[in-house]
Amino acid sequence: MSAILMDGKALSAKVRGKILEETHRLEQTGVRPGLAVILVGEDPASQVYVRNKEKACVECGFYSEKYVLPAETTQDELLGLVDELNHNERIHGILCQLPLPKQISEEAVIAAIDPKKDVDAFHPSNVGRIMIGDYDFLPCTPAGVMELLDEYGIDPKGKRCVVIGRSNIVGKPMSMLLLHRHGTVTICHSRTENLAEICREADILVAAVGRANFVTPDMVKPGAAVIDVGMNRVDGKLCGDVDPAVAEVAGYMTPVPGGVGPMTITMLMKNTLKAAQK
Ligand code: GUN
């Protein structure tokens, strides 16, 4: 058996096309969606993400501003920029690329972003709203995974869903979105005992571990949908958390690159459009 590959690149192109149409419609009312992206320091992976976000803004017809700050930037300097952007009427969404250098508290910066411009959905008030199912913005990576599942007709309702990873950015909100869609959700992490056994029960298995080829074929139920959120560099090559050999066991699988990655950025565009519409 060979898994059906879930094409995030194709779905992204389709969704970005719809966003561009909405942008044109919104422009008739004198509003052009605007996104500000802040990058502090020179982390190579972050530079690639930020470049891809700029490209996506162009594709969606958005106005965008990029702020590249030196690695020595102080927390007060960054908070000053966030405050300025909070009050900038051309900017509807603010994204501060993580991780930040160690002298800056990520929590403090996230909390300083106006929740109405928090297109990452990382602000504590937006996280709380996701918990109770009353939200404006969905976190981008989990939202991208849900759109991919929907596109391929994979309904979490009543199914065993296993998420490996408990980060604030992916693992925790991913579990919540699957739960909202009536999945039976288990969250696994580095201290989980009998991990392979639990994973083998999953109809939908989401890997967000940050370790190359961590999920092996023996951990996968035949026919399961396996979603790979990993973005690992091995010898300069991008590779996911899921061993490519899993394709022989899984029913559906997301490739890396070209699976979840492009969808994450597309969901950021969707959130920015929504912020501008409001
Ligand atoms: N770093 C890795 N992923 C993300 C993301 O989705 N948003 C932000 N702001 N930083 C990240």
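The values are calculated or read from the model by the stated rules, or taken from the named source; none is laboratory data. Keep in mind that what you see is a predicted model, and the values were worked out from it rather than measured. Using ideal geometry, Cβ is built from the backbone for each residue, glycine included, and neighbour counts are taken over all protein chains shown. Areas reflect the complete protein model, heavy atoms only, side chains present, ligands, DNA and RNA absent. Shrake-Rupley method; radii C 1.70, N 1.55, O 1.52, S 1.80 Å.
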Selection from the range 57-90 of residues out of contact with any strand residue (DSSP E or B) (no Cβ under 6 Å at 6 or more places or on another chain) and charged (D, E, K, R) yields Glu59, Glu72, Asp76, Glu77, Asp83, Glu84, Glu89
So which residues in the range 122-162 are in contact with a Leu (Cβ under 7 Å, 6 or more places away or on another chain), farther than 18 Å from Asn271 by Cα and open to solvent by less than 40 Å² (accessible area, probe 1.4 Å), if there are any at all?
Pro156, Cys161, Val162
Listed residues Glu21, Glu72, Glu89, Glu65; which is without any contact (Cβ under 8 Å) to a residue 40 or more places away in the chain and farther than 23 Å from Ala112 by Cα?
Glu21
Here is a check on your reading of the model: is Ala245 open to solvent by 30 Å² or more (accessible area, probe 1.4 Å) and touching a Pro at 6+ places or on another chain (Cβ under 7 Å)?
yes
(1) open to solvent by less than 60 Å² (accessible area, probe 1.4 Å); (2) acidic (Asp, Glu); (3) more than 21 Å from Lys274 (Cβ to Cβ) all hold for Asp7 apart from (1)
So which helices (runs of 4 or more DSSP H) are wholly in the range 25-140 and hold at least 2 residues that are away from the ligand (no atom under 12 Å from the Cβ) and over 21 Å from the mean Cα position of the chain (by Cα)?
75-86
Just checking, does the range 225-237 include any residue being closer than 24 Å to Lys55 by Cβ, modelled with pLDDT under 95 and more than 16 Å from the ligand (Cβ to nearest atom)?
yes
Take the residues in the range 81-94 that are buried (at least 20 other Cβ atoms within 10 Å of the Cβ) and touching a helix residue (DSSP H, G or I) at 6+ places or on another chain (Cβ under 7 Å); name whichever of them is nearest to Ser46 (Cα to Cα).
Ile94
Pairs under 8 Å by beta carbon, first residue farther than 19 Å from Asn88 by Cβ in the range 110-128, partner within 11 Å of the ligand (Cβ to nearest atom) and part of a loop (DSSP other than H, G, I, E, B), six or more apart or different chains?
Ala121/Pro139; Phe122/Ile113; Phe122/Pro139; Phe122/Asn168; Phe122/Ile169; Asn126/Asp118; Val127/Ala121; Val127/Asn168
Can you say whether Thr186 is over 20 Å from Ser2 (Cβ atoms), open to solvent by 20 Å² or more (accessible area, probe 1.4 Å), in contact with a helix residue (DSSP H, G or I) (Cβ under 8 Å, 6 or more places away or on another chain) and of a type outside the set (A, V, I, L, M, F, W, C), as far as the supplied structure shows?
yes
Quick check on Val229: is it of a type in the set (Val, Ile, Thr) and either within 30 Å of Leu20 (Cα to Cα) or open to solvent by less than 30 Å² (accessible area, probe 1.4 Å) (or both)?
yes
Cross-chain or 6+ apart pairs with Cβ under 6 Å, the range 248-265 first and at positive phi, then within 15 Å of the ligand (Cβ to nearest atom)
Gly258/Gly8
Expected single match for within 16 Å of the ligand (Cβ to nearest atom), within 30 Å of Gly128 (Cβ to Cβ) and of a type in the set (Val, Ile, Thr) among Val206, Val185, Val162 is Val206
Conditions first: (1) buried (at least 17 other Cβ atoms within 10 Å of the Cβ); (2) not in a strand (DSSP E or B). Leu205 passes all but one, so which condition is the exception?
(2)
Answer residue from the range 236-248, given it is farther than 17 Å from Tyr152 by Cβ and not acidic (Asp, Glu) and is farthest from the chain's Cα centre (by Cα) among those
Ala245
